[in-house]
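Remarks on the structure that follows.
The values are calculated or read from the model by the stated rules, or taken from the named source; none is laboratory data. Nothing here was measured: the structure is a model prediction, and the numbers come from that model. Glycine gets a Cβ as well: all are built from the backbone with ideal geometry, and neighbour counts include every protein chain shown.
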Amino acid sequence: MTQNLSAYYIFYTVARTHNISAASKALYISQPAVSKAVQRLEENMNVTLLKRSSRGVTLTHEGSILYERLQEAFHAIELGEEQLRFEANQDVSHLTIGVSTTLCKYLLLPYLKEFVLQNPHIRISIACQPTYQTLQALEEGNIDIGLVGEPDASFTHTFSKVQAINDTFVATQSYLDNLKIRTGVDYHSPANTRLLFKEATLMLMDSNNLSRKYADQYILTNELQAGNIIEVSTMDLLIEFASVGLGIACVIRNFVEKEIKNGTLIEIPVPIVISKRNIGFVYRDKTFSNPAVQTFLDYYQQTRN
């Protein structure tokens, strides 16, 4: 196909103008060169594409098929060129954000909705991935900014806090009632927490998730031994599993406040309150090679104040 590209365009122009002379003028090449290019294309494809007469040219059946496909192809190229010109004129920027599925749904999307309306010429790409992958992508320059849980002290780039979140343990009333009938353990008393966890099914995020690491540390520090553990890949699934009564789930309280308020989920009293942790944006430095990052952060600060 590569050797025929110029011949395709010559044939396309002849078919569009219905005249070799008109095509010659449009292409700024001689009439013999036009005729030779079409003839070479016909020989390569072993078909007749044009019927020639003193009044011009008409397409054969095969010529009509090829012309329709070329019309689509060259129209697509023209649209691509127009898009590039538009973006150049409008100074369109591209912003790539790394974020976990949970934080994307509950924190990023509500914020992005208004940002996109006010900044229609910034193209947004979302890379949904675990926090450790977002931090790695930021280090490698594959994303512009990330929304993550606050990294540890070894993190060398900028972290800008968005909000504090609480982890908590929740279950349905029916699960806790059945557990009490089966074991005699009353979940109301924080003093019974260790025994409760030993008898219950505990549901946690998978081991690569940052929320899981906080949960593991809390469980280890407070010597909570679970009788059975179910690992779940997303916070939404974890909340859903808890809501249908499969066990006790460690979830982010900010994302189940409605369920706790309406009684769908019951919060388990614990002897020591789980420490809050921060969620925020991470980026490489304050001198941005991509101006869309600064626009994004400025907008966040304006809406926050």
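Within the set of pairs 6 or more residues apart or between chains, which connect a residue that is assigned by TED's automatic domain parsing to the domain that holds Phe241 and closer than 18 Å to Leu246 by Cβ inside the range 204-218 to a residue that is among the aliphatic types (A, V, I, L, M) and surrounded by fewer than 14 Cβ atoms within 10 Å (Cβ to Cβ) with Cβ atoms less than 7 Å apart?
Every condition considered, the pairs that remain are Leu204/Ile229.
Quick check, is Thr221 more than 20 Å from Tyr132 (Cβ to Cβ), under 35 Å from the mean Cα position of the chain (by Cα) and not assigned by TED's automatic domain parsing to the domain that holds Leu138?
no
Which residues, taken from the range 101-129, are touching a helix residue (DSSP H, G or I) at 6+ places or on another chain (Cβ under 6 Å), modelled with pLDDT of 85 or more and not in a strand (DSSP E or B)?
Of everything in the range 101-129, those that are touching a helix residue (DSSP H, G or I) at 6+ places or on another chain (Cβ under 6 Å), modelled with pLDDT of 85 or more and not in a strand (DSSP E or B) turn out to be Thr102, Tyr106, Phe115.
Give the number of residues within the range 99-134 that are farther than 20 Å from Arg253 by Cβ and without any contact (Cβ under 8 Å) to a residue 60 or more places away in the chain.
Summing the residues that are farther than 20 Å from Arg253 by Cβ and without any contact (Cβ under 8 Å) to a residue 60 or more places away in the chain in the range 99-134 gives 14.
If you take just the strands (runs of 3 or more DSSP E) that sit entirely in the range 130-198, which of them hold at least 1 residues that are modelled with pLDDT under 85, on the phi > 0 side of the Ramachandran plot and surrounded by fewer than 17 Cβ atoms within 10 Å (Cβ to Cβ)?
Answer list for the range 130-198: none.
Give just the number: which of (1) in contact (Cβ under 8 Å) with a residue 12 or more places away in the chain; (2) under 25 Å from the mean Cα position of the chain (by Cα); (3) outside any strand (DSSP E or B) does Gln301 not satisfy?
Exception for Gln301: condition (1).
Suppose we filter Leu5, Leu41 for residues that are touching a Phe, Trp or Tyr at 6+ places or on another chain (Cβ under 8 Å), hydrophobic (A, V, I, L, M, F, W, C) and not in a strand (DSSP E or B); which single one remains?
On the way: Leu5 fails: touching a Phe, Trp or Tyr at 6+ places or on another chain (Cβ under 8 Å).
Just one listed residue meets the conditions, Leu41.
Evaluate the range 10-20: report whether one residue or more is in contact (Cβ under 8 Å) with a residue 60 or more places away in the chain, in contact with a Phe, Trp or Tyr (Cβ under 7 Å, 6 or more places away or on another chain) and surrounded by 13 or more Cβ atoms within 10 Å (Cβ to Cβ).
Yes, some residue in the range 10-20 is in contact (Cβ under 8 Å) with a residue 60 or more places away in the chain, in contact with a Phe, Trp or Tyr (Cβ under 7 Å, 6 or more places away or on another chain) and surrounded by 13 or more Cβ atoms within 10 Å (Cβ to Cβ).
Could you say whether any residue in the range 100-121 is among the β-branched types (Val, Ile, Thr) and within 14 Å of Phe281 (Cβ to Cβ)?
no
Can you tell me which residue among Leu246, Leu237, Leu265 is at pLDDT 95 or above and more than 19 Å from Glu150 (Cβ to Cβ)?
Sole residue among the options that is at pLDDT 95 or above and more than 19 Å from Glu150 (Cβ to Cβ): Leu265.
Which condition number does Gly280 fail, the rest of (1) at pLDDT 85 or above; (2) surrounded by fewer than 17 Cβ atoms within 10 Å (Cβ to Cβ) being met?
Every condition holds for Gly280 apart from (2).
Only one of these conditions is not met by Glu43: (1) at pLDDT 85 or above; (2) surrounded by 13 or more Cβ atoms within 10 Å (Cβ to Cβ); (3) not assigned by TED's automatic domain parsing to the domain that holds Leu108. Which number is it?
(2)
Could you list all residues from the range 199-223 that are touching a Lys or Arg at 6+ places or on another chain (Cβ under 7 Å) and either in a helix (DSSP H, G or I) or surrounded by 12 or more Cβ atoms within 10 Å (Cβ to Cβ) (or both)?
The answer is Leu204, Met205, Asp206, Tyr214.
Can you name the condition, by its number, that Leu5 falls short on among (1) touching a helix residue (DSSP H, G or I) at 6+ places or on another chain (Cβ under 8 Å); (2) at pLDDT below 90?
(1)
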